[in-house]
Structures are given as structure tokens and as C-alpha cells.
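First up is the structure itself, then whatever we jot down about it.
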Amino acid sequence: MRPISTRRIAPLVTRLHDAASRLARDTRGATMIEYSLLTAIMAAAVVACMTLFGTAMKGMFDSIVQYYTLAQ
């Protein structure tokens, strides 16, 4: 097995370092990630509220439907 030449490795390391530096400076995707996290938290809150208050809300809407059904 031949040893790897540093002349061949150095350009690869430099390109890898440059790509990592560009990735660290790029903030274009940060806003999208923030909005995605905010949307996920809001969806979890809606699911939690529907789970906690779902039965009470169903009873309330059923009574409204019954009131308007009897009114006709």
C-alpha cells in the first residue's frame, strides 16, 4: 500500500474547509427553520387543546345544532 501524497490531500482539505466556511456563514435557511419550528409548536398546541377541550366543544356545538334544528 502506497502512502498518500500530501500534494493530493492539501487541495481536498482546502476545498472542504472553504465549503464548511461558506455553510457556516450562510443564514438563508435559518428563517425557514424558525418558521417551521413555530408552525410545529402551534400545531402541537392546537392538537393539545382539541384533545383537552374536544368533548366540551362537541357538546357545545351539538347543543347549537339541536337548537337550530328545533327552531325550524
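Bear in mind these aren't lab numbers, they're just calculated from the coordinates by the rules spelled out. Just so we're clear, the structure is a prediction, and the values are computed from it rather than from any experiment. Methodologically, a virtual Cβ is constructed for each residue, glycine included, from the backbone with ideal geometry; neighbour enumeration extends over all protein chains shown.
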Charge dipole (debye, nearest 20) of the chain; +1 at Cβ of Lys and Arg, -1 at Cβ of Asp and Glu | 840
Does a label point 7 Å from the Cα of Ala45, set along Cα-to-beta-carbon, have any residues of the stretch 8-38 with amide nitrogen under 15 Å, and which are they?
-> 35-38
Rounded to the nearest 10 degrees, the helix 6-25 long axis (Cα) sits at an angle to the longest Cα principal axis of the chain of 30
Do the sum for the chain: with -39,500 (n - 2.57) for every DSSP H run of n ≥ 4, divided by all residues, what is the mean residue ellipticity at 222 nm, to the nearest 500 deg cm²/dmol?
-> -32500 deg cm²/dmol
Which is farthest toward the positive dipole end of the chain among Ala48, Thr31, Gly59, measuring Cα position about the Cα centre, with Cβ charges +1 (Lys, Arg) and -1 (Asp, Glu)?
-> Thr31
Compute the long axis of helix 28-71 from its Cα atoms, compare it with the longest principal axis of the Cα atoms of the chain, and write down the angle in degrees, 0 to 90, nearest 10.
-> 10
